[in-house]
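Encoded as structure tokens, the structure appears first; notes follow it.
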Amino acid sequence: ADDFTGDLWGWHHEGTGTVGIVQSETALALRLDCTGSVQGGAGCHAFCRTDFPDHIALEYDLLVRKSNGLVITFMAMRGLNGEDMLTDLPPREGLFKDYPGDDAVLRSYHPSVSRYDDRGEHTGVSNWRRNPGLHLMAQGDDLCREIGQRYAIRMVKDGGHLQLCVNGVLATEFT
């Protein structure tokens with residue numbers, strides 16, 4: 001858990017934009033601002049410095065303020081040979097291809113939600129992918145479609161079983 005009452009000591013920023021702490025309606029919150037980024041270009045990435053176990057549930061509230069881009073949460077990210085992505089591998093510039101692309105030196109899973117293209121149009125789908133290579137593992141309706149709406153996100157990784165829930169509704173899962 002992080003209540004963001006201190007600084008961002010537990011987070012590592014890569015790419016463009018800013019990562020900061022802001023006051024939300026009920027508590028302090030982490031804010032990623034990717035203004036000016038385009039898909040395929042450098043994005044704004046905040047990685048938690050804590051190493052988590054293989055059996056975990058991640059929960060956070062998501063509030064999307066603009067209809068551009070998408071929100072990706074990487075899980076189980078390590079180097080191809082098990083290296084720590086922050087301390088054992090060369091730094092990255094925040095280009096998306098450096099994380100899941102065919103030439104990436106990282107392995108991970110990631111779901112995407114609140115998916116808008118560069119024209120600001122919602123894509124309608126949410127994807128779970130395995131990296132490197134962006135292998136599509138599951139696809140379903142994107143339950144995060146409304147700008148200004150708060151969503152309760154819950155992601156579970158239980159060994160090889162992964163799932164995404166939005167506001168208590170199962171969105172996608174796979175083994």
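Values in this text are rule-based calculations from the coordinates and carry no lab data. Since this is a predicted model, take the numbers as computed values, not measurements. Backbone-built Cβ (ideal geometry, glycine too); neighbour counts: all protein chains shown.
Which of LEU58, LEU89, ALA46 sits closest to the plus end of the dipole of the stretch 42-89, meaning its Cα is farthest towards the positive end, when Lys and Arg get +1 and Asp and Glu get -1 on the C-beta? Final value for the positive-end residue is ALA46.
If a/c stays under 1.5 just call it rounded; otherwise compare a/b with b/c (prolate if a/b is bigger, oblate if not). Do that for the stretch 23-73, with a ≥ b ≥ c from the square roots of the Cα gyration tensor eigenvalues. Walk me through the numbers on the way to the answer.
Details: a/c = 2.17, a/b = 1.28, b/c = 1.69.
Oblate shape, in that a/c is at least 1.5 and b/c is the bigger or equal ratio.
When you restrict to C-alpha pairs under 8 Å that are six or more residues apart and normalise by the size of the chain, the relative contact order lands at 20 percent. The distance between label points at LEU134 and SER67 comes to 2.4 nm (points 7 Å beyond Cα on the Cα→Cβ vector).
Give, in nm to one decimal, the length gained when the segment between ASP51 and GLU93 is fully stretched (0.36 nm per residue of separation minus the Cα-Cα distance). Working shown, then result.
Values: separation 42, 0.36 × 42 = 15.12 nm, distance 2.17 nm.
13.0 nm is the gain from fully extending ASP51 to GLU93.
Here each label is just a point 7 Å from Cα along the line to Cβ, and for THR123 and GLU173 those points are 2.4 nm apart. For the stretch 74-175, the Kirkwood radius over C-alpha pairs fed into Stokes-Einstein at 4 °C and 1.567 mPa s yields D = 88 µm² per second.
The mean of 1/r over all distinct Cα pairs in the chain, once inverted, gives the Kirkwood hydrodynamic radius of 16.7 Å. For the stretch 1-98, just say rounded, prolate or oblate: build the C-alpha gyration tensor, square-root its eigenvalues into a ≥ b ≥ c, call rounded for a/c under 1.5, and beyond that prolate if a/b exceeds b/c, oblate if not. It is oblate, given that a/c is not under 1.5 and a/b is not larger than b/c. About its Cα centre, the dipole of the stretch 31-175 is roughly 260 debye, where the only charges are +1 on Lys and Arg Cβ and -1 on Asp and Glu Cβ.
Measuring from each cysteine beta-carbon in the chain, the ones with no other cysteine beta-carbon under 4.7 angstrom are CYS48, CYS144, CYS165.
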